[in-house]
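Peer 1: Below is one structure. I have some questions about it.
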Amino acid sequence: MKRSIIITGGAGFIGSHVVRLFVNKYPEYKIINLDKLTYAGNLANLRDIEDRPNYRFVKMDICDFEGVLKLMQEEHVDGIIHLAAESHVDRSIKDPFTFAQTNVMGTLSLLQAAKAYWEPMGWQMQHCAVPCRFYHISTDEVYGALEMTHPEGIEPPFTTKASSGKHHLAYGEKFFTEDLKYQPHSPYSAAKASSDHFVRAFHDTFGMPTIVTNCSNNYGPYQFPEKLIPLFINNIRHRKPLPVYGKGENVRDWLYVEDHARAIDVIFHQGKIAETYNIGGFNEWKNIDIIKVLINTVDRLLGRPEGADMDLITYVTDRAGHDLRYAIDSSKLQRELGWEPSLQFEEGIEKTVRWYLDNQAWMDNVTSGDYQKYYEDMYKNR
Ligand code: NAD
Ligand code: DAU
């Protein structure tokens, strides 16, 4: 079946993995990467697939209603996988307006363009056997923060059982499930929550075939080094201080980015219209414990005595409104669509550290700012 799909934010961290997966796995699909190339967009993330005949890059702002509509008409687009967003919580604290503009207004503009193109065709295009689909990628942060409660006499992390039947370690008794009410705390998560509401409203009001997924923290290759894991790997390598917010006691639930991309593939093709699916690997870690794993791994791989760089840990002022604990219950996705994470965390983190150490040129290109010239050099002669 031939399809024509726009992936927004495809030059970013998760988007680049989704684009790569779709371009490789579906040579019969046309994959259009629509990205504004903000500071977070880096076309070098896609160097290995940029010449494929089923791939096209379009530099465009999701807020450009006319541009998106024209592109959809030109390419007969029957699906949108929407990842473009401002994604860093610390930036949202300094500049909330940009987050409202991109995450809320940008998503609304994209929805309006899709509606203008698809609604007159009854939400189904002739070339495609299934209805059009607007798939919105969101975050677990919209649910707010969880407590660190534990059964009497048992210190966290303790073993518990998810409704899917899987046993896993947890720092609290409650989890984010799809039916929880939204309680975002940061300007980033407030803007993502608002965009989720708009997507659902377009289904409920106009009948647009939509899907929303909420995923936990991703890690892996090509993540912008403002986020905890790539920032700290790079700092350890260069023996620079590691700024740990507060006491480092906050808990995050980590998923390898390629497992998220695989979940997006499964849900795009088999997910039920109007449904929400949580995506996560039942993999909770305190920040400080992850940081110690990163130090030991980088030291070992660089031939330094393991743990030699523990003195780089520097406790700094906490992030304002810092959410204490995130923990996703992805039982619904595992039960209904059979998706499961493929990597154990220990394996994923080793692979990730190796990737950043082996790809120092990628990191240097980003930290020097040179990556932003890649588009100009690459596309000026086309
Ligand atoms: P990222 O910051 O690495 O990439 C964002 C991409 O969007 C960049 O390529 C950027 O150029 C593009 N972009 C930004 N504004 C745009 C605009 N106005 N028009 C077009 N393109 C624009 O983000 P990420 O970490 O890959 O996250 C991708 C999506 O997944 C986001 O929607 C985020 O909320 C969500 N998410 C991220 C995580 C995570 O751990 N990183 C977890 C769950 C959900
Ligand atoms: O939960 C999903 C979310 O995960 C995504 O929606 C966001 O786009 C993504 O950025 C991520 O948000 P976090 O705020 O959890 O990720 P970050 O890497 O910024 O921080 C992870 C934890 O590490 C968090 O508790 C803050 C802490 N931290 C972070 C940085 C950058 C530090 O202690 N020091 C730091 O320098």
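Peer 1: Would a scan of the range 314-332 turn up a residue that is more than 15 Å from ligand 2 (Cβ to nearest atom) and within 19 Å of His167 (Cα to Cα)?
Peer 2: Checking the range 314-332: at least one residue is more than 15 Å from ligand 2 (Cβ to nearest atom) and within 19 Å of His167 (Cα to Cα).
Peer 1: Another question about this same structure. For the range 62-74, name all the residues that are touching a Leu at 6+ places or on another chain (Cβ under 9 Å) and crowded, with 19+ Cβ neighbours inside 10 Å.
Peer 2: Scanning the range 62-74 gives Ile62, Val68, Leu71.
Peer 1: Hey, could you check the range 95-140 for residues that are within 16 Å of ligand 2 (Cβ to nearest atom) and of a type in the set (Val, Ile, Thr) and say which is surrounded by the most Cβ atoms within 10 Å (Cβ to Cβ)?
Peer 2: So the residue we want is Thr107.
Peer 1: For residues that are of a type in the set (A, V, I, L, M, F, W, C) and assigned to a strand (DSSP E or B), tally how many sit in the range 134-148.
Peer 2: Looking only at that region, the number is 2.
Peer 1: So which residues in the range 17-48 are more than 7 Å from ligand 1 (Cβ to nearest atom), closer than 19 Å to Leu110 by Cβ and buried (at least 22 other Cβ atoms within 10 Å of the Cβ), if there are any at all?
Peer 2: Val18, Val19, Phe22, Ile31, Ile32, Asn33
Peer 1: Residues of the range 294-335 being in contact (Cβ under 8 Å) with a residue 60 or more places away in the chain and among the charged types (D, E, K, R), which ones?
Peer 2: Answer for the range 294-335, where residues must be in contact (Cβ under 8 Å) with a residue 60 or more places away in the chain and among the charged types (D, E, K, R): Asp299, Asp309, Asp318, Arg319, Asp323, Arg325, Asp329, Lys332, Arg335.
All of the numbers you see were taken from the coordinates with simple rules; none came from a lab. Just so it is clear, the model here is predicted, and its values are computed rather than measured. Positions of Cβ are backbone-derived with ideal geometry, glycine not excepted, and every protein chain shown enters the neighbour counts.
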